[in-house]
1. Which of the strands (runs of 3 or more DSSP E) found entirely inside the range 1-53 contain at least 2 residues meeting this: within 28 Å of the chain's Cα centre (by Cα) and surrounded by 13 or more Cβ atoms within 10 Å (Cβ to Cβ)?
2. What about residue 109, is it assigned to a loop (DSSP other than H, G, I, E, B), modelled with pLDDT under 65 and exposed (fewer than 10 other Cβ atoms within 10 Å of the Cβ)?
């Protein structure tokens, strides 16, 4: 991914790392389009290093964002407690299927 910015007055296109915020006149491009970029005759292209192997945001950045959202919403950092009448039925990856304690999967609709 890369961000393309035009400077019409200078007949220049600048292709660089993905921008962190939206700006007028900037366009985010996928890898294929950034590699195949062409500009009008007489224009100059400035290609800045993209650092594609480096993540755009670190895990610390993402955790700080999550903490800020929790704080703004008035939530605690602890996971919410499950009501006593709700039990875990199955788990696959990050998903958990919950059901009421008295739920019988053998008599579920469609079975």
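The values are calculated or read from the model by the stated rules, or taken from the named source; none is laboratory data. Given the structure is predicted, the values throughout are model-derived calculations rather than measurements. Cβ sites come from the backbone with ideal geometry, for glycine too, and all protein chains shown count toward neighbours.
1. Values: elements: 2-7, 12-16, 26-29, 44-47.
Because the criterion is at least 2 residues that are within 28 Å of the chain's Cα centre (by Cα) and surrounded by 13 or more Cβ atoms within 10 Å (Cβ to Cβ), the strands (runs of 3 or more DSSP E) in the range 1-53 that meet it are 2-7, 12-16, 26-29.
2. Details: assigned to a loop (DSSP other than H, G, I, E, B): yes; modelled with pLDDT under 65: yes; exposed (fewer than 10 other Cβ atoms within 10 Å of the Cβ): yes.
For residue 109, the condition - assigned to a loop (DSSP other than H, G, I, E, B), modelled with pLDDT under 65 and exposed (fewer than 10 other Cβ atoms within 10 Å of the Cβ) - is met.
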